[in-house]
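In what follows, a structure is listed as structure tokens, so that the remarks can point back to it.
Derivation of every value follows stated rules applied to the coordinates shown; laboratory data play no part. Only a predicted model underlies this, so the values are computations on that prediction, with no experimental measurement involved. So basically every Cβ, Gly included, is an ideal-geometry build from the backbone, and we count neighbours across all protein chains shown.
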């Protein structure tokens, strides 16, 4: 990385940090929650982008892994007094009934548990391909939801968990989003990333070149699922209440919509798609309730937001299947070029460029 690129990175970090400081001081609780949701779904979208976009594995189990992370972190960070109140029908099993860990330890525990689950699930199902893999991972997600509904002594069943400490704030959520972005960026720009893309483009040719298909598929699946699990942990400590109904296929659909909208094979696209979809989900919430325009009252239509987003997904698939970014990334070279253009400077011509035009 050159000095100029380091300067650009430093300026970008300062701008983002300055915005977060401003938001933390001036935004109300609702807007801060929206910002937290953007960062949380950004991390989950990056995980799914690694699995589906860069490795070409059609996974639909993201909601199940978010549920695992959310329950794992909540069970070890809930105060013991709150556990006794919540589990009044069936007592919580040991050791969770007498365990109360700090938030950081809870996040680490959620990451470990999700990684173990993803390894156990990925080891058999990643031998499948295409639609079969999608059905298997979707089935796992539904199994997690059903199990969490019926294991009352661990998850409190359909009643869910309440009084979860509200540890998540914009510093934690955006800090982890930055960490997830760095991990995915480093992974994609390494030899592993080149292997992931080779498997996505042609797994037979990749195997013929000596790439271990199963090892790389499993690595991408575990890393992406772990990011989703930690995102679920942050979501639980933001909402302070979780239940199995939160982790239906609707959640997987939302995250999948984010990477399809932004671009399946683009880190920048995943960030952009998560930001747009999360913001519009909140902004269009008024469509679900009656609207008084002064001269006419329009009755609310519950679920109208999903109709709009489903239409948006169909339009994207029909007219721009590659998404907003496609496989392109926001690179230092592009930023330097724009800065040079803005400053009225011509970039240094490269070999092979057409110099006939001014």
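Please give the helix 332-342 orientation as an angle from the longest Cα principal axis of the chain, in degrees from 0 to 90, rounded to the nearest 10. Relative to the chain, helix 332-342 is tipped by roughly 60 degrees. For the peptides 41-50, 76-85, the ranking by mean Cβ contacts within 10 Å, running from highest to lowest, is 41-50, 76-85.
Per-residue ellipticity at 222 nm from helix content only, as computed over the chain with -39500 (n - 2.57) for each DSSP H run of at least four residues, stands at -22000 deg cm²/dmol. Which residues does the label zone of residue 342 cover in the range 268-284, counting backbone N under 11 Å from a point 7 Å along Cα→Cβ? Backbone N within reach: none found. Sorting the segments 97-110, 318-331, 227-240, 165-178 by their residues' average number of neighbouring beta-carbon atoms within 10 angstrom, most packed first, yields 227-240, 165-178, 97-110, 318-331.
At a Förster radius of 22 Å, what calculated FRET efficiency corresponds to the Cβ-Cβ distance of residue 280 and residue 163, to the nearest 0.05? Step by step, r from the Cβ atoms, then E = 0.10. Fully extending the segment from residue 321 to residue 202 would add 40.9 nm, taking 0.36 nm per residue of separation and subtracting the current Cα-Cα distance. Here the peptides 246-255, 150-159, 280-289 are ranked by packing, the mean other Cβ count within 10 Å, and the order with the highest first is 246-255, 150-159, 280-289. Length available on full extension from residue 310 to residue 186: 0.36 nm per residue minus the Cα-Cα distance, which gives 41.3 nm.
The length gained by stretching the chain between residue 29 and residue 132 to full extension, at 0.36 nm per residue less their Cα-Cα distance, is 32.8 nm.
Using C-alpha pairs below 8 Å separated by at least 6 residues, the relative contact order for the chain is 27 percent. Considered as an equivalent ellipsoid built on the Cα gyration tensor, the range 1-43 has semi-axes of 27, 13, 4 Å, the largest given first. Taken along the Cα-to-beta-carbon direction at a fixed 7 Å, the label points for residue 241 and residue 119 span 3.7 nm.
Note on residue 4 and residue 94: the model spin-label points, each 7 Å out from Cα along the C-beta direction, lie 6.6 nm apart.
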